[in-house]
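First comes the structure, then the notes that go with it.
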Amino acid sequence: MRLGMTSSQPTNFELGLEDLMGEAVEAERHGLDSFWIPNIFQLDGISAAMLAGQRTSRIELGTGVIPTPPRHPAAMAQQALTAQLVCEGRFTLGIGLSHKLVTEGMFGLSYARPARQMREYLEVLVPLLRGEKAEADGDFYAANLELSVPGHRDVDTIVAAMGPQMLRVAGRLAQGTMPWLAGPKTLESHIVPAIRAGAREAGRAEPRIVAALPIALTANAEATREAIDRIFVMYTQIPSYAGMLEREGGVMPSQVSLVGDESELRSGLSRLAEIGVTDYVGVPVPVDAETPVRTRAFLGGEAS
């Protein structure tokens, strides 16, 4: 199982560009396999990944994740292909539909039939990322074009999918999925089998399952879990994430997080690997300034 971390953007809305670049450099220095950049309402994820690609030489750089509704798939493909050139083949495009609250309430766009939206989006996006022509005339997206990017390098796509239909779409058309706050029970009984079934139906290779969960190497697990629930409580109010936590047994975010000493974290990582997770991505918990640093060093050591 490959090991990575996200930037601290999910918990640090003031994170500046240079600080973000520093985190990417440190992730590579510590030996992590991947570094993922969210795209919330801060820095643009693809642009930041390109800049990180110029500061690093080995580590995979991914977006976790870019909302699809505000960007036509052709525009997304053009950005991703450019990023892939800058990153010299180390860039992975993570995308997702976001949520009804954001898509309709903030962007003023439609969130109707989300699985159909994503299917049509990928039917335009994926051919362009392979250097092929996109021809589509769907209910949500239409296209009749091809891109000509000198030095073209294919880009893999990871879809943030949690519902059964979305997971099937991701399995059939993308290279994998990146669920957030999906615990081991949910991954084993729902996410892993559903996306694998979609891939098998399409005659495709086994998909990547990139599980993103909070992580903290700490001697004070109780206080850290309290902090996790306080920091990430908003996700218990968002239907898709609340559904994942309900599948896990009606738990709070801290109860699907990896928290504790080295032995406890290794046990949690081993459990994820056993159930088919191909990539673990840790989301740092800012209990104090040193905890994310220690945690990153630990994960890097485990990845070596």
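Throughout, read-outs are computed from the coordinates displayed, never taken from laboratory work. Here the structure is a predicted model, which is why all the values come from computation and not from measurement. We place every Cβ from the backbone using ideal geometry, glycine too, and count neighbours over all the protein chains shown.
General observations
- Reduced Cα scattering model of region 13-55, Debye log10 I(q)/I(0), q = 0.26 Å⁻¹: -0.95
- Highest to lowest packing among 136-148, 118-130, 6-18, 270-282, scored as the average C-beta count within 10 Å: 118-130, 270-282, 6-18, 136-148
- Length gained on full extension, S57 to I238: 61.5 nm, using 0.36 nm per residue less the C-alpha separation.
- Taking region 128-203 and dividing mean pair separation by its residue count, relative contact order in percent (alpha carbons under 8 Å, at least six apart): 25
- Listed residues M50, T68, N12: farthest to the positive end of the dipole of the chain (Cβ charges): T68
- Potential lengthening between A273 and Q165 on full extension [0.36 nm per residue; Cα-Cα distance subtracted]: 36.5 nm
- Each of A77, V283, A216 was placed along the dipole of the chain (beta-carbon charges, centred on the mean Cα), and the one lying farthest toward the positive end is A77.
- Kirkwood Rh and Cα Rg combined as Rg/Rh, region 183-244: 1.11
- Mean ellipticity per residue at 222 nm, deg cm²/dmol - from DSSP H runs of n ≥ 4 across the chain, formula -39500 (n - 2.57): -12500 deg cm²/dmol
- Across all directions, the average projected area of the convex hull around the alpha carbons of the chain is 14.5 nm².
- Beta bridge orientation in the chain: antiparallel %, DSSP, nearest 5: 10
- Summed side-chain charge close to P179 - residues other than P179 whose Cβ falls under 13 Å, Lys, Arg +1, Asp, Glu -1: 0
- For region 19-131, projected area of the alpha-carbon convex hull averaged over all directions, nm²: 7.0
- Based on C-alpha pairs under 8 angstrom that are at least 6 apart in sequence, region 12-131 has a relative contact order of 23 percent.
- Taking the chain and dividing mean pair separation by its residue count, relative contact order in percent (alpha carbons under 8 Å, at least six apart): 20
- Note on K185, K133: ascending count of other Cβ atoms within 10 Å places them as K133, K185, the fewest first.
- In this simple spin-label model, placing a label point 7 Å from the Cα along the Cα-to-Cβ direction at both D19 and N144 gives a separation of 4.9 nm.
- When +1 charges are put on Lys and Arg Cβ atoms and -1 charges on Asp and Glu Cβ atoms, the dipole computed for the chain relative to its Cα centre reaches about 700 debye.
- The Cβ shell under 11 Å around F91 holds other residues with a net charge of -2, Lys and Arg each +1, Asp and Glu each -1.
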